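The block underneath contains the structure these notes are about, expressed in structure tokens.
The values are calculated or read from the model by the stated rules, or taken from the named source; none is laboratory data. Everything numeric here is computed off the predicted structure, so don't read it as measured data. When we count neighbours, we look across all protein chains shown, and the Cβ atoms used for this are built from the backbone with ideal geometry, even at glycine. Only protein heavy atoms, including side chains, enter the accessible area calculation; ligands, DNA and RNA are left aside. Shrake-Rupley method; radii C 1.70, N 1.55, O 1.52, S 1.80 Å.
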Amino acid sequence: MNRNLTFTMIKPTAFKNNNTGGILKMINDAGFVIKAMKLTRLSPEFAGDFYAVHKERPFYGALVDFMSSGPIIAALLEKDNAVDDYRTLIGATNPENAVKGTIRKMYATNLQQNAVHGSDSDENANIEADFFFSKTERY
Ligand code: ATP
Ligand code: MG
């Protein structure tokens, strides 16, 4: 299997609750290598652009408000089969449906505040990484 990249964010509630260390430990223990990482806060405009694919969904406005409500950790991760393996590690979007031992089962507050973001394709992983990281910020 080829090593490839996925992009993640630790969302505002999980960051505020001091779950960053626990989440990063799960990420490292699952074999992901951190290629880039930063602590930052999204402006509403930036969050709106990042989630533009959901613009027509009823939860879009609330999602943009939430994602810009406080600091987040953004990171670029590398592993064999990174996109699919990371989505397995984080679990279902709704934490009520997330499998035991997944990041969302452990750390999500609710469907919106579900602890982490994970890319849904190789193409989107690269697009999302480009939102946050220049070439010189990747190792
Ligand atoms: P993410 O893109 O954050 O990794 P995902 O791919 O599992 O999550 P998406 O369908 O892309 O899920 O939704 C993006 C985010 O929007 C979700 O993670 C969640 O925070 C929020 N969201 C999704 N569906 C709902 C909903 N029905 N009500 C409220 N918020 C929602
Ligand atoms: Mg998604």
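In nm, to one decimal, how far is the modelled label at D29 from the one at R87, with both set 7 Å along Cα→Cβ?
In this crude spin-label approximation the distance works out to 2.4 nm.
Identify, among F15, N81, F59, the residue whose Cα sits farthest towards the positive end of the charge dipole of the chain, taking +1 on the Cβ of Lys and Arg and -1 on the Cβ of Asp and Glu, with the dipole about the Cα centre.
F15
Quick check: from the Cα gyration tensor, does the stretch 50-114 come out rounded (a/c under 1.5), prolate or oblate? All intermediate terms of the calculation are to be shown ahead of the outcome.
Numbers: a/c = 1.74, a/b = 1.37, b/c = 1.27.
Cα axes put the stretch 50-114 in the prolate bin.
How big is the dipole moment of the stretch 49-110 about its Cα centre under a simple scheme where the beta carbon of each Lys and Arg is +1, that of each Asp and Glu is -1, and everything else is neutral? Debye, nearest 20, please. It would help to have the intermediate numbers written out before the result.
On the way: 7 positive and 8 negative charges, 46 e Å.
Dipole magnitude for the stretch 49-110 comes out near 220 debye.
If the only charges are +1 at each Lys and Arg Cβ and -1 at each Asp and Glu Cβ, what is the size of the charge dipole of the stretch 10-139 around the Cα centre, to the nearest 20 debye? Walk me through the intermediate numbers first.
Working: 15 positive and 16 negative charges, 108 e Å.
Computed charge dipole of the stretch 10-139: roughly 520 debye.
Could you run the Karplus curve 6.51 cos²θ - 1.76 cosθ + 1.60 with θ = phi - 60° over the stretch 79-96 and give me ³J(HN,Hα) per residue in whole Hz, x for Gly and Pro?
Ordered by residue, 3J(HN,Hα) equals 5, 4, 6, 4, 5, 5, 5, 6, 5, 5, 5, 7, x, 4, 3, 8, x, 5 Hz.
Ignoring ligands, DNA and RNA, please state the percent of accessible area on the stretch 3-137 from carbon and sulfur, probe 1.4 Å.
Details: 3490 of 6840 Å².
Exposed carbon and sulfur together represent 51 percent of the surface.
Shape call for the stretch 3-137 from the C-alpha gyration tensor, a ≥ b ≥ c root eigenvalues: rounded (a/c under 1.5), prolate (a/b greater than b/c) or oblate?
Working: a/c = 1.38, a/b = 1.09, b/c = 1.27.
Rounded, since a/c falls under 1.5.
Measuring from a point 7 Å past the Cα of D49 along Cα-to-C-beta, which residues in the stretch 1-15 have an amide N at less than 19 Å?
7-9
Accessible area per residue of the chain at 1.4 Å probe, in Å²?
Heavy-atom SASA per residue in the chain reads 53 Å².
Which residue fluctuates the most in the chain, going by a Gaussian network model with Cα springs under 10 Å, if the choices are F50, F32, F15?
Judging by the Gaussian network model, the answer is F50.
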